[in-house]
């Protein structure tokens with residue numbers, strides 16, 4: 001690996017790690033140091049999630065193995081699916097012609113592992129009928145490092161926050177007077 005790549009990875013890791021570490025230290029909690037490899041492995045976990053939830057491979061257990069044995073998925077309406085059998089069922093609730101895309105993933109170190117948040121975009125339909133849908137939802141995750149690699153401890157399907165320029169109720173904010 002070229003020296004400049006190693007230096008770049010070290011700088012990026014430090015830049016991403018420092019703000020979260022300072023906040024946790026103020027609270028007296030120990031925050032792990034995430035390496036560049038940790039960030040890449042967590043990104044891979046999130047990408048594997050999209051494939052696994054869309055395919056129901058191995059009767060949904062490919063999806064379930066992305067979680068810790070006591071891991072939990074919390075749907076947008078608050079339903080909880082915990083443990084391998086319940087998580088496998090989540091994957092096998094077939095959505096015909098739907099593909100999940102997690103976008104704009106932000107990963108931060110946290111006591112006991114790492115947190116992540118991302119937007120969800122769905123691709124629906126086939127051929128000329130295909131379209132992208134951003135449903136105003138996303139994910140909030142907690143990841144832990146296990147002997148098998150990074151896994152979801154929890155994944156919560158949440159509404160996305162409204163854009164900063166919206167007034168209460170989701171309506172566009174009035175333009176400032178000039």
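Each reported figure results from applying straightforward, stated rules to the coordinates on display, with no laboratory input. Predicted, not measured: the structure shown is a model, and the values here were computed from it. Here Cβ is always computed from backbone atoms with ideal geometry, including for glycine, and neighbour counts include all displayed protein chains.
What nm value, rounded to one decimal, do you get for the distance between residue 145 and residue 97 when each label is placed 7 Å out toward the C-beta?
4.4
Calculated FRET efficiency, residue 41 and residue 129, Cβ-Cβ r, R0 25 Å, to nearest 0.05?
0.10
Which order do peptides 40-48, 83-91, 112-120 fall in by mean Cβ count within 10 Å, highest first?
Order by mean packing, descending: 112-120, 83-91, 40-48.
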